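What follows is calculated from the coordinates using simple rules that are stated; it is not laboratory data. Keep in mind that this is a model prediction, so the values were computed, not measured. Because the Cβ atoms are built from the backbone with ideal geometry, glycine has one as well, and the counts that use them run over all protein chains shown.
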Amino acid sequence: MRPDSNPAAAPRHSWNRGAVLAVVAATAAVAARADVKLPAMFSDNMVLQQGVPVTVWGLADEGEQVTVEFAGQKVTATAFRKLPNPLGRWSLKLAPLKASATPGSFVVQGRNRIERKNVLVGEVWLCSGQSNMEFGLRGAHEAQADIDAATNSLIRLLTVQRVKAATPADDAKTSGWQACSPSAASGFSAVAYYFGRDLQKALGVPVGLIHSAWGGTPAEAWTSAAALSGHPVLKLDFVDRISTLRGAHAAALNHFNKETEELKKQGKKQSAPAPKAPALPAWLGAELYNGMIAPIIPYGIKGAIWYQGESNVGRDRQYRTLFAEMIKGWRADWDLGDFPFLAVQLAPFDKGRKRTLDEITASPDDSDWARLREAQVQAVQSLPKAGLAVITDAGDKDDIHPSKKKPAGERLALAARSIAYGEKLVASGPTMQSSAVQGGKIVVTFDHAGAGLDARGGKLTGFAVCGEDKKFVWADAEITAPNTIAVSAAAVPKPVAVRFGWADFPVVNLFNKEGLPAVPFRSDTFSVATPAAPTAKKK
């Protein structure tokens, strides 16, 4: 026992030292208290979603009272502990707000005071996907005039920085919201900008665009772990397979380490190399959802636009399920119901083969890009409040990143006005409704024909038919009614199936009179089609 551990031996001033220590400890505890914090996306210039309860959240000391004031409302919440974070988490809801172009002050009060200025209320859209969503406005076709005219205080832009994460991140990595200006717009997503510009003009209310995209990424990386695990096929493909690879490596490494230790005991050296880590996919399931989507939730949004699919080409059967489950997972996690989800169909691209148009159109062929486009259609059609923007007229045969981004953004805005806001307008190109063999022809009936079908530039192109041999040949096509086309080929007197725009780089000219291109389609379900030998050039 130390001498001063005996109370009888302690000096008379020991109670003074104890009091001092208590005061120091109390002072340190107060100093260690954390400031109230907001997520990074709650910044100056933000747009809050109108018409729904507005969730606000952040961090504070456990038990601290946090009050949020905005637009005449004042709501208080108590921070609660959420392990493993040593701080408390607080969350509250403001009552639904009306759209307002008048800048407001958003105040959070706890131990400290936070004020966010120039805050608007309107429509907030998430803009996600891979490189064609990431593609900046400054690189878009004939965009300089649009950049010069981009000043609009009612459009606000936020970019989420690239982050991979093994588990859902607490906060998004972002520099915050910016009011739209030429400098802000030039580096922002071109597709998202054109979408937001048209939407703001049509609605007349503030629009906030959250850009969260990463080039070269597959859909599974943007899908939550819960969504992947909740579907048996996706669980097998993206969860169990990775766990098996990692488990096998861990077992092999454990065996290697034990063997090495045993050899050391025997005075010997390990001569074998350590087992290599498994060759995992470049992108793991959920890692971009965790890093770039989860930390945005539950910030209020109206809907999402999406441009992705190139990295899933060749896996179309899987994609139709994966894409749909990704959408359903996002909707479930946001808890805003079936919010509108609008996608851009893959652009035409000849996969870098540097072929001429004559070579591309020499004969019909099967196409993995066409199959992925079909999977996009199937996923979208399987869900409520989902839409697709077709851009068969805006591709580049030699570049996977076509510079014509305005059509994609404008058509997404049309889809939003129809699906999200209920406007009565033609928002889609012609879509095959049905097909029927009539004599030596196949008659195709279309939905979304608008004021009528239109063959731009002359005779219809891009149609092919086959007989029982499944060998497709180019066909003649004729508009026979405002929503009907008859397709035939002299070489196929008894056609059984018809295709339109079924190619990596489809060369097509079917539109409706409103100027929207037809959705590529096929009437068959052949697993792998047999191409005909090159014959006549497509008509």
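Side notes on the structure shown:
- Label point distance in nm, Ser403-Lys82, each placed 7 Å from Cα along Cα→Cβ: 4.5
- Dipole of segment 266-374, positive end: most advanced residue of Leu372, Ile305, Trp283 [Cβ charges, Cα centre]: Trp283
- Each residue of segment 458-467 was assigned a 3J(HN,Hα) from its phi angle through the Karplus expression (A = 6.51, B = -1.76, C = 1.60, θ = phi - 60°), giving x, 5, 5, 10, x, 9, 9, 10, 9, x Hz with x at Gly and Pro.
- Among beta bridges identified by DSSP and lying wholly in the chain, the antiparallel ones come to about 65 percent.
- Taking the chain and dividing mean pair separation by its residue count, relative contact order in percent (alpha carbons under 8 Å, at least six apart): 12
- Loop-located trypsin sites (Lys or Arg not before Pro) in segment 61-158 (DSSP state not H, G, I, E or B) with no more than 10 neighbouring Cβ atoms inside 10 Å: Lys98.
- Residues in segment 110-154 reached by a label modelled at Ala282 [backbone nitrogen below 13 Å; 7 Å Cα→Cβ]: 131
- For Lys459, the lysines whose Cα falls under 20 Å of its own Cα, not counting residues fewer than eight places away in the same chain, are Lys441, Lys513, Lys537, Lys538, Lys539.
- Within straight-line reach of Lys264, meaning a Cα separation under 26 Å, sit the following lysines at least 8 residues removed in sequence or on another chain: Lys276.
- Here the chain is treated as a sphere whose radius is the Kirkwood value from Cα pairs; by Stokes-Einstein at 10 °C and 1.306 mPa s it diffuses with a coefficient of 59 µm²/s.
- Counting 0.36 nm for each residue step from Glu423 to Lys173 and taking away their Cα separation leaves a gain of 86.4 nm.
- Per-residue [θ]222 nm for the chain (sum of -39500 (n - 2.57) over DSSP H runs n ≥ 4, rounded to 500): -7500 deg cm²/dmol
- Two-site label geometry, Thr484 and Gln266: point separation in nm, points 7 Å out along Cα→Cβ: 8.5
- Karplus-derived HN-Hα couplings along segment 221-235 (A = 6.51, B = -1.76, C = 1.60, θ = phi - 60°), whole Hz, x at Gly and Pro: 5, 9, 9, 5, 4, 5, 5, 5, 6, x, 10, x, 5, 5, 4
- Of every Cα-Cα pair in segment 234-284, the percent that sits beyond 14 Å: 61
- Reducing segment 68-118 and segment 312-337 to their Cα centroids gives an inter-centroid distance of 32 Å.
- Restricting the GluC sites (Glu not before Pro) of segment 391-480 to loop positions (DSSP other than H, G, I, E, B) with no more than 15 neighbouring Cβ atoms within 10 Å leaves Glu423, Glu468.
- Calculated from backbone phi, Karplus (6.51, -1.76, 1.60) coupling profile of segment 395-411 in Hz, x at Gly/Pro: x, 9, 4, 10, 9, 5, 10, x, 7, 7, 9, 4, x, 4, x, 5, 6
- Label-point separation in nm, Ser527 to Ala40, each point 7 Å along Cα→Cβ: 4.7
- Ratio Rg/Rh, restricted to segment 431-531 and using Cα atoms, in which Rh is the Kirkwood radius: 0.94
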